[in-house]
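Visitor: There's a structure below that I have some questions on.
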Amino acid sequence: MTSQNSVLKGVFLVALGATTYGMLATFVKMAYSEGYTTAEVTTSQFIYGILGILAINLFQRIKNKNKPAVKASRKNVFNLMLAGTSLGMTSLFYYLAVKYIPVSIGIVLLMQTVWMGVLLEMILEKKLPSKQKVIAVLIVLFGTVLATNIINNDIELDWRGLVWGMLAAASFTTTMFTANSVATEISSAQRSLYMLLGGAVIVFSFAFATQVTAFNMEIFLKWGIVLSLFGTIIPPLLMTAGFPLTGIGLGSIVSALELPVSVMMAYVLLNEKVIFSQWVGIVLIILAIIIMNVNFKSKK
């Protein structure tokens, strides 16, 4: 019974993390509508995010002063910051994507990590994917055609948004692989901090190169805290706490909640039009994630 309770707790934590992250792009789009730039949005998010994770690390250090945590070595710090660059790229590419295309399309493009992950796994492990994964990839591709509504000729999608969206998916795939394999012996709060610092290098470099007007400091009061909470603080903490309790398979299925939540938020707050065939596509993508993570072999 205790084991069942811990799994339920894990499901709740992962679901809450995915739901929180699913709301993020809508808030970014709302910030854009008020005239803020991508550089201002990402910079404020990462600065508050780093401050928030620093505070969490400090709290954990005070709480566990009699039992000090494993300290990160120089190699750990370097590897995590290097891995964090893909985190920064994911935020940048995703936010640039939703600047040109609807949020409901942007999140579908981000979900292309399903087949990109299978492809990367095939390259790294040098072996063909299972039939189960191939079927899941085909369902994702068909679901994407429906969810992006590209078969409907009266809707034109800006090619810049599509390119940025696919780049976001590629960098997110890299982030997922590195986040689960780099310096796992240190605390998740320490790992989050160094990955955020690595991401900040990319974000700040982008801001320095692209911000031609004076930086609007009001972003820190208006959207910065919200974006950091929903993008860089709450989701990673909930996910890292929930995944060990659910396991990767069940956790991945539950985290797919991010997709319908993101579309629903865009529908309610941004009045984005989402037709029936797009909902069918979204359901198919979630179904593919379930197929990839469920073990269909009967236990003897």
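Here, each number is a calculation from the coordinates, and none is a lab measurement. Just so it is clear, the model here is predicted, and its values are computed rather than measured. Cβ coordinates were reconstructed from backbone atoms using ideal geometry, including for glycine residues, and neighbour counts include every protein chain displayed.
Visitor: Taking the alpha-carbon distance from LYS71 and a cut-off under 16 Å, which aspartates and glutamates remain once sequence neighbours fewer than 8 residues away in the same chain are dropped?
Guide: Reachable aspartates and glutamates: GLU185.
Visitor: So, one more: Considering only VAL134, VAL226, MET166, whose Cα is most displaced toward the positive end of the charge dipole of region 109-236, charges sitting on Cβ of Lys, Arg (+1) and Asp, Glu (-1)?
Guide: VAL134
Visitor: In region 222-277, if every C-alpha pair distance is counted and binned at 10 Å from zero, what percent goes to each bin?
Guide: Histogramming region 222-277 at 10 Å steps yields 19, 38, 31, 12 percent.
Visitor: Next up: Among all helices in the chain defined by DSSP H, which have a length of 20 Å or more along the axis from Cα atoms plus a Kyte-Doolittle mean of at least 1.0?
Guide: On the way: long enough: 2-22 (30 Å, 0.63); 38-63 (37 Å, 0.77); 74-100 (40 Å, 0.50); 131-147 (23 Å, 1.84); 159-179 (30 Å, 0.84); 188-210 (32 Å, 1.24); 276-293 (26 Å, 2.24).
Those that pass (Cα extent of 20 Å or more, hydropathy at least 1.0) are 131-147, 188-210, 276-293.
Visitor: How would you order 184-195, 53-64 from highest to lowest mean count of nearby Cβ atoms within 10 Å?
Guide: On the way: 184-195: 20.1, 53-64: 13.7.
By packing density, highest mean first, the sequence is 184-195, 53-64.
Visitor: A further question follows. What is the distance in Å between the Cα centres of region 212-283 and region 1-52?
Guide: Comparing the Cα centres of region 212-283 and region 1-52, I get a distance of 5 Å.
Visitor: Give the residue list of trypsin sites (Lys or Arg not before Pro) in region 99-134 that are DSSP loop and have at most 12 other beta-carbon atoms within 10 angstrom.
Guide: Details: sites: LYS99, LYS126, LYS127, LYS131, LYS133; in loops: LYS126, LYS127.
Qualifying residues, ordered by number: LYS126, LYS127.
Visitor: Taking a ≥ b ≥ c as the square roots of the eigenvalues of the Cα gyration tensor of region 147-300, is the shape rounded (a/c under 1.5), prolate (a/b larger than b/c) or oblate? The partial results should precede the final answer.
Guide: On the way: a/c = 1.92, a/b = 1.08, b/c = 1.78.
Judged from the Cα gyration tensor, region 147-300 comes out oblate (a/c at least 1.5, b/c at or above a/b).
Visitor: While we're on this one: Just the Cα atoms of region 71-226, one point each, no solvent: what log10 I(q)/I(0) does Debye give at q = 0.11, 0.20 Å⁻¹?
Guide: Each listed q maps to, in turn, -0.56, -1.27.
Visitor: Would you work out the charge dipole size for the chain about its Cα centre, treating the Cβ of every Lys and Arg as +1 and the Cβ of every Asp and Glu as -1, and quote it to the nearest 20 debye? Please list the in-between numbers first.
Guide: Numbers: 21 positive and 11 negative charges, 289 e Å.
So the dipole magnitude of the chain works out to roughly 1380 debye.
Visitor: What are the aspartates and glutamates whose alpha-carbon lies under 15 Å from the alpha-carbon of LYS131, with same-chain residues fewer than 8 places away excluded?
Guide: The reachable aspartates and glutamates, counting only those whose Cα sits under 15 Å from LYS131, are GLU121.
Visitor: Stokes-Einstein at 37 °C, 0.692 mPa s, Kirkwood radius from Cα pairs: D for region 90-133 in µm² s⁻¹? Walk me through the numbers before you get to the answer.
Guide: Working: Rh = 12.0 Å.
For these conditions, the coefficient is 274 µm²/s.
Visitor: Still on this structure, please answer the following. If you take every residue apart from ALA72 with its C-beta less than 12 Å away from the C-beta of ALA72, what net charge results, scoring Lys and Arg +1 and Asp and Glu -1? Please report the intermediate quantities before stating the final value.
Guide: Values: positive: LYS71, ARG74, LYS75, ARG191; negative: GLU185.
Counting the neighbours of ALA72, the net charge comes to +3.
Visitor: Oh, and also: Under the rule a/c < 1.5 gives rounded, and otherwise a/b versus b/c splits prolate from oblate, where does the chain land using the Cα gyration tensor?
Guide: oblate
Visitor: Any lysines with Cα under 17 Å of the LYS99 Cα? List them, leaving off those in the same chain fewer than 8 positions away.
Guide: Reachable lysines: LYS29, LYS273.
Visitor: What residue among TYR32, ASN295, ALA83 has its Cα farthest toward the positive end of the dipole of the chain, where the charges are +1 on Lys, Arg and -1 on Asp, Glu, each on the Cβ?
Guide: ASN295
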